[in-house]
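Participant: First the structure, which I've put down as structure tokens, then a few questions once you've had a look.
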Amino acid sequence: MNETEFPEDLRAAQIRLHQATSELAALCRSLPWSVEPMPGWPGTEHPHTGEVTGGREDSPGWTRSRSGR
């Protein structure tokens with residue numbers, strides 16, 4: 001089976017892309033779920049296990065210091 005040798009600049013660009021994607025995902029996880037302050041809502045309790053799924057806490061909204069602006 002032939003293996004294709006990719007140019008080093010393309011490999012480096014792919015690594016930078018993965019790093020940027022990872023940093024963006026981390027930033028999104030650190031921000032509140034709503035840009036504007038919004039009330040949360042309760043989750044749904046499973047009738048047999050009692051596990052609560054869904055629902056959200058209140059969102060304080062984004063501020064200039066949290067959104068990086």
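The values are calculated or read from the model by the stated rules, or taken from the named source; none is laboratory data. Because the structure is predicted, anything quoted here is derived from the model rather than measured. FYI the Cβ positions are ideal-geometry reconstructions off the backbone, even for glycines, and counts take in every protein chain you see. SASA here: full protein model, heavy atoms, side chains in, ligands and nucleic acids out. Shrake-Rupley method; radii C 1.70, N 1.55, O 1.52, S 1.80 Å.
Participant: Could you work out the helix-only [θ] at 222 nm for the chain, with each DSSP H run of four or more residues adding -39,500 (n - 2.57) and the total divided by the number of residues, to the nearest 500 deg cm²/dmol?
Facilitator: -12500 deg cm²/dmol
Participant: Taking just the alpha-carbon atoms of the chain, what radius of gyration and Dmax come out, in angstrom?
Facilitator: In Å, with Rg to one decimal and Dmax whole: 20.6, 57.
Participant: Towards the positive end of the charge dipole of the chain, with charges on Cβ (+1 Lys, Arg; -1 Asp, Glu), say which of Phe6, Leu24, Thr44 has the farthest Cα.
Facilitator: Leu24
Participant: Another question, then. Provide the per residue accessible area, probe 1.4 Å, for the chain, rounded to a whole number of square angstrom.
Facilitator: Counting only protein heavy atoms, the per-residue value for the chain is 93 Å².
Participant: Between the helical axis of 8-30 and the dominant principal axis of the chain, each derived from Cα atoms, what acute angle in degrees is found, rounded to the nearest 10?
Facilitator: Helix 8-30 sits at roughly 10 degrees to that axis.
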